[in-house]
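These notes concern the structure reproduced below.
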């Protein structure tokens with residue numbers, strides 16, 4: 001459809017239908033209490049497995065006909081659920097690999113390394129890497145972090161003019177390339193280190209681990225500077241392309257290269273599980289690296305579906321995944337796509353009966369995530385241009401099941417509502433509520449489709465799934481057969497995740513007043529400040545520059561705890577009071593995002609005052625990132641400025657919460673004028 005997604009989202013919410021059933025559901029325990037049993041019956045593990053298999057039947061990179069076919073399958077399923085469906089195409093420049101060679105330079109002639117996992121017309125190069133034809137020595141650089149390269153320097157190992165062999169996991173690839181270029185290296189070679197998998201088991205197909213000849217694909221774009229199409233980023237003055245070439249190789253190639261290195265034994269934490277020495281080699285084997293690719297103008301396509309809400313003024317909840325893959329992509333993203341579809345169908349089924357959401361739910365299936373969050377960035381950029389007021393939350397599922405442990409990357413304010421759901425869904429192994437066994441929630445990062453929502457719009461986000469890592473990530477072994485045998489036999493955990501997602505999205509959308517937990521923002525900020533105190537600069541040196549922040553935080557916390565404690569009373573207030581209070585609560589959370597009516601968007605990563613991309617690791621989120629960086633570099637003027645920005649946000653949010661208290665339940669200190 002030609003209408004802009006943001007306009008459609010706002011206009012469609014006017015279709016809201018009032019009903020008495022929702023009030024009845026609140027009186028009987030709220031949405032979760034009434035829906036949990038029905039959602040468990042509506043979610044079908046067998047269907048999730050069948051759809052994952054359909055999505056992963058053939059390789060389907062962004063911009064290919066096979067990926068367009070997956071988009072068609074997604075749209076068909078959404079229409080069959082009775083949802084309003086449309087898609088939006090975008091023209092972008094996609095990287096196509098043409099050649100990738102690596103040869104050992106020997107006296108008797110070159111020895112060509114085998115990169116045959118890519119023997120399908122898709123050389124295993126890393127997207128957007130510069131072309132190269134160079135000969136250089138190879139040295140080992142562990143994970144390619146700043147600290148790793150600093151250790152090499154102290155040990156007398158120069159990276160100038162060298163190729164650096166690094167583990168593929170850890171900090172994002174673009175940051176590895178950036179740091180390598182800063183250290184003088186001419187390129188990177190990345191390999192999957194078995195130690196990073198965390199367990200020693202046979203390799204696929206005999207076991208779950210990485211095949212010896214598997215090669216990880218990925219993008220080399222520095223998307224932590226700005227996600228999406230590098231052409232669009234360049235138009236905004238941000239260069240996201242890598243400055244040195246990079247090649248992915250298999251464990252077999254890494255073993256041969258490591259075995260030819262001589263030098264001091266590497267520190268224990270640098271040593272992996274390959275049957276080869278891990279050494280700090282001043283001079284390693286010389287190789288010839290040849291890379292060639294091209295940029296081709298192609299179409300990507302986002303697919304959307306809408307479940308209208310009752311309140312046209314409430315900010316919508318978006319639930320999303322991506323559907324493009326490097327190869328078959330059964331885990332990443334096939335399992336996630338299937339889970340979001342299953343949750344969408346379950347909620348659509350409920351809406352045909354007793355339930356109507358208070359706020360609109362928009363389901364989004366993004367294209368071009370693997371190359372750098374292209375589709376999701378296009379949506380957010382368009383929404384910002386259209387002055388769209390914003391989302392209440394964005395919930396994302398990328399890979400549904402990587403391992404058995406439930407993980408959540410959650411913005412402050414959305415953890416409490418998620419735990420309410422997890423307390424009602426049992427873990428399939430222990431039989432006990434997932435809330436009792438889940439690990440510590442982490443902050444959402446900048447290496448998935450949550451990135452543009454966080455970094456450009458300051459939207460509260462949550463990314464959920466089982467496991468953080470799996471051995472066949474971005475390789476040709478990421479197939480449905482791997483899931484069936486090792487990853488998630490019977491798609492049991494995928495079905496559990498679909499239930500959690502449906503209940504989480506439904507609960508957020510059902511509350512007449514958005515159920516943020518504002519005390520979480522206080523805890524997040526205090527922990528971040530304490531962590532800064534443990535850094536290299538004594539707290540008594542920089543704390544005076546915080547100005548009014550401690551007082552603003554204390555005053556906000558008092559109101560936030562009081563407001564969070566009133567959640568149950570909010571269910572009994574009148575419709576008109578609830579809608580007025582909701583507008584103020586949404587405005588309170590928006591106080592921590594970009595200022596309204598700004599002439600131009602803030603630089604990427606500055607949209608939220610609560611978190612941003614780490615200056616050291618790129619795609620990892622850092623609490624109060626600008627303030628933390630200012631403390632690290634002893635920039636006291638920036639410390640004062642960032643602390644002032646935080647103080648302003650906490651003060652504005654406090655005023656709006658006080659007003660919401662007064663409107664909803666007759667409590668509070670005063671009623672300020674509604675602002676941002």
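The values are calculated or read from the model by the stated rules, or taken from the named source; none is laboratory data. Everything numeric in this text was worked out from a predicted model, so none of it was measured. Every residue, glycine as well, gets a Cβ built from its backbone with ideal geometry; the counts of neighbours run over all protein chains shown.
Pairs under 6 Å by beta carbon, first residue touching a residue at least 24 places away in the same chain (Cβ under 8 Å) in segment 64-78, partner in a helix (DSSP H, G or I), six or more apart or different chains?
Between residues of segment 64-78 that are touching a residue at least 24 places away in the same chain (Cβ under 8 Å) and residues that are in a helix (DSSP H, G or I), the close pairs are 70/55; 77/341.
State which residue is nearest to the chain's Cα centre (by Cα) when the search covers only segment 427-449 and only residues that are surrounded by fewer than 18 Cβ atoms within 10 Å (Cβ to Cβ) and not in a loop (DSSP other than H, G, I, E, B).
442
If I filter segment 272-300 down to residues being under 30 Å from residue 91 (Cβ atoms) and crowded, with 23+ Cβ neighbours inside 10 Å, which single residue comes out as farthest from the chain's Cα centre (by Cα)?
Ranking the candidates gives 291 first.
Scan segment 90-98 and give yes if some residue there is over 25 Å from residue 376 (Cβ atoms) and either part of a loop (DSSP other than H, G, I, E, B) or modelled with pLDDT under 95 (or both), otherwise no. Reasoning before the result, please.
Initially, segment 90-98 is screened for residues over 25 Å from residue 376 (Cβ atoms), giving 98.
With either part of a loop (DSSP other than H, G, I, E, B) or modelled with pLDDT under 95 (or both) added as a condition, the list becomes 98.
Looking through segment 90-98, at least one residue is over 25 Å from residue 376 (Cβ atoms) and either part of a loop (DSSP other than H, G, I, E, B) or modelled with pLDDT under 95 (or both).
Yes/no per residue for (1) free of Cβ contacts under 8 Å to residues at least 12 places away in the same chain; (2) surrounded by fewer than 24 Cβ atoms within 10 Å (Cβ to Cβ); (3) more than 20 Å from the chain's Cα centre (by Cα); (4) more than 20 Å from residue 80 (Cα to Cα):
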residue	(1), (2), (3), (4)
324	no, no, no, yes
350	no, yes, yes, no
355	no, yes, yes, no
367	no, no, no, yes
375	no, no, no, yes
378	no, no, no, yes
382	no, yes, no, yes
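Can you confirm whether residue 587 is part of a helix (DSSP H, G or I) and without any contact (Cβ under 8 Å) to a residue 24 or more places away in the chain?
No, not satisfied.
From the list 370, 389, which residue is closer than 25 Å to residue 63 by Cα and assigned to a loop (DSSP other than H, G, I, E, B)?
None of the other options fit; the residue is 370.
Table: residues versus (1) farther than 26 Å from residue 448 by Cβ; (2) part of a helix (DSSP H, G or I); (3) at pLDDT below 95.
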{"position": "560", "(1), (2), (3)": "yes, yes, no"}
{"position": "572", "(1), (2), (3)": "yes, no, yes"}
{"position": "576", "(1), (2), (3)": "yes, yes, yes"}
{"position": "580", "(1), (2), (3)": "yes, yes, no"}
{"position": "596", "(1), (2), (3)": "yes, no, yes"}
{"position": "602", "(1), (2), (3)": "no, no, yes"}
{"position": "617", "(1), (2), (3)": "no, no, yes"}
{"position": "627", "(1), (2), (3)": "no, yes, yes"}
{"position": "631", "(1), (2), (3)": "yes, yes, yes"}
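Would segment 239-252 turn up any residue that is over 23 Å from the mean Cα position of the chain (by Cα), closer than 24 Å to residue 617 by Cβ, surrounded by fewer than 18 Cβ atoms within 10 Å (Cβ to Cβ) and free of Cβ contacts under 8 Å to residues at least 12 places away in the same chain?
no
Out of curiosity, is residue 523 in a helix (DSSP H, G or I), under 30 Å from residue 45 (Cα atoms) and under 26 Å from the mean Cα position of the chain (by Cα)? Show your work before the answer.
Working: in a helix (DSSP H, G or I): yes; under 30 Å from residue 45 (Cα atoms): no; under 26 Å from the mean Cα position of the chain (by Cα): yes.
Spelling it out, it is not the case that residue 523 is in a helix (DSSP H, G or I), under 30 Å from residue 45 (Cα atoms) and under 26 Å from the mean Cα position of the chain (by Cα).
Determine whether residue 82 is at pLDDT 95 or above, in the same structural domain as residue 303 (by TED's automatic domain parsing), on the phi > 0 side of the Ramachandran plot and more than 25 Å from the chain's Cα centre (by Cα).
Yes: the conditions hold for residue 82.
Only one residue in 488, 554 is under 27 Å from the mean Cα position of the chain (by Cα) and modelled with pLDDT of 95 or more. Which one?
Selected residue: 488, the only one of 488, 554 that is under 27 Å from the mean Cα position of the chain (by Cα) and modelled with pLDDT of 95 or more.
Out of segment 459-469, which residues are surrounded by 24 or more Cβ atoms within 10 Å (Cβ to Cβ) and assigned to a loop (DSSP other than H, G, I, E, B)?
Residues satisfying the conditions are 459, 460.
Confirm whether residue 543 is touching a residue at least 12 places away in the same chain (Cβ under 8 Å) and surrounded by fewer than 21 Cβ atoms within 10 Å (Cβ to Cβ). Walk me through it before giving the result.
Details: touching a residue at least 12 places away in the same chain (Cβ under 8 Å): no; surrounded by fewer than 21 Cβ atoms within 10 Å (Cβ to Cβ): yes.
For residue 543, the condition - touching a residue at least 12 places away in the same chain (Cβ under 8 Å) and surrounded by fewer than 21 Cβ atoms within 10 Å (Cβ to Cβ) - is not met.
If only one of 168, 214, 181 is surrounded by fewer than 17 Cβ atoms within 10 Å (Cβ to Cβ) and within 27 Å of residue 97 (Cα to Cα), which one is it?
One residue alone meets the criteria, 181.
Where in segment 1-75 are there helices (runs of 4 or more DSSP H), lying fully within it, with 1 or more residues that are modelled with pLDDT of 95 or more and over 19 Å from residue 425 (Cβ atoms)?
Because the criterion is at least 1 residues that are modelled with pLDDT of 95 or more and over 19 Å from residue 425 (Cβ atoms), the helices (runs of 4 or more DSSP H) in segment 1-75 that meet it are 45-55.
Would you confirm, using the coordinates I've provided, whether residue 133 is surrounded by fewer than 17 Cβ atoms within 10 Å (Cβ to Cβ) and either touching a residue at least 40 places away in the same chain (Cβ under 8 Å) or in contact with a strand residue (DSSP E or B) (Cβ under 9 Å, 6 or more places away or on another chain) (or both)?
yes
For residue 487, state whether it is assigned by TED's automatic domain parsing to the domain that holds residue 313, closer than 23 Å to residue 203 by Cβ and crowded, with 22+ Cβ neighbours inside 10 Å. First the steps, then the outcome.
Details: assigned by TED's automatic domain parsing to the domain that holds residue 313: yes; closer than 23 Å to residue 203 by Cβ: yes; crowded, with 22+ Cβ neighbours inside 10 Å: yes.
In short, yes.
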